[in-house]
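Read through the structure below, which is laid out as structure tokens, and then see the notes.
The values are calculated or read from the model by the stated rules, or taken from the named source; none is laboratory data. These numbers were taken from a predicted model, which means no experiment stands behind them. FYI the Cβ positions are ideal-geometry reconstructions off the backbone, even for glycines, and counts take in every protein chain you see. Calculation scope for accessible area: heavy atoms of the full protein, side chains included, ligands and nucleic acids excluded. Shrake-Rupley method; radii C 1.70, N 1.55, O 1.52, S 1.80 Å.
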Amino acid sequence: MTSTPYTVADVMTTKVIAVTPSTGFKEIATAMERWKVTALPVIEGEGRVVGVVSEADLLPKEEFHEHRPGLIEQMRRLGDTAKAGSTRAVSMMTTPAVTIRPDATLPQAAHLMADRHIKRLPVVDADGTLKGIVSRADLLKVFLRSDEELATEIRRTVVDRLFPVSHEAIKVTVTEGIATLTGQVRDSRLMGMAERLTQSVEGIVQVRCRLEALTSP
């Protein structure tokens, strides 16, 4: 009954700065600084994502710059010490890359970022070709929708459809992302559903359901 959920394609950045496996350390660091990003997808061929190189992948170079790790430390941190001696993306990148499809929902993207402890996800098609990048900030874009736009969507996709007879008696207001539903409805069993469907509207922060059952005269 609700509108189509926002997907990654709706909020992702399509202009993506990427590097290739042969890109050197300094060029990677320069690109991160210039474009103010913390990670870069690594692509080959026609744009297929083969890995991601992040600030964390570059840090071992600085960490071990002034001292050579001992044998025990080398054994304990094989990955980091290997990256410290690397000069190309191919030997520093994290692979396979954690990616997401354009048609994934925003909650799916948020869950994947939280689960993998990452801030940015390359967006790829079915062939693994880079189509964009989505960040934590991108996922929050839905909360920038105006209160008026949110109220209109709630009325159109929730109230008008759920209460075709009594919808005119229901008032919908949204203030700073908080939606309030007031009025009387004929079927009290639908009040809980109205609250849940309103909460599912992208950009809604909280719902205050103050609907009441219409009392018989």
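Points to keep in mind about this one:
- Exactly one residue out of 83, 131 is in contact with a Ser or Thr (Cβ under 9 Å, 6 or more places away or on another chain) and at pLDDT 95 or above, and it is 131.
- Of all residue pairs spaced 6 or more apart or on separate chains, those with beta-carbon atoms under 8 Å, a first member in segment 98-116 that is in contact (Cβ under 8 Å) with a residue 40 or more places away in the chain and a second member that is in a helix (DSSP H, G or I) and small (Gly, Ala, Ser) are 100/109; 102/9; 103/9.
- When residue 134 is tested against (1) under 9 Å from the mean Cα position of the chain (by Cα); (2) open to solvent by 40 Å² or more (accessible area, probe 1.4 Å); (3) of a type in the set (Val, Ile, Thr), exactly one condition is not met: (2).
- The condition (being at pLDDT 95 or above and not in a helix (DSSP H, G or I)) is satisfied by just one residue among 21, 5, 69: 21.
- Residue among 210, 186 that alone is over 24 Å from the mean Cα position of the chain (by Cα) and at pLDDT below 95: 186
- Count - residues of segment 35-65 that are at pLDDT below 95 and not in a loop (DSSP other than H, G, I, E, B): 13
- Test for residue 181: is it in a strand (DSSP E or B), within 27 Å of residue 18 (Cβ to Cβ), at pLDDT 95 or above and open to solvent by less than 20 Å² (accessible area, probe 1.4 Å): no
- Of the residues making up segment 137-178, those that are in a loop (DSSP other than H, G, I, E, B), surrounded by fewer than 19 Cβ atoms within 10 Å (Cβ to Cβ) and not β-branched (Val, Ile, Thr) number 6.
- Considered as a group, the residues in segment 193-217 that are open to solvent by 80 Å² or more (accessible area, probe 1.4 Å) and either assigned to a strand (DSSP E or B) or of a type in the set (A, V, I, L, M, F, W, C) (or both) include one that is nearest to residue 107 (Cα to Cα), and that residue is 205.
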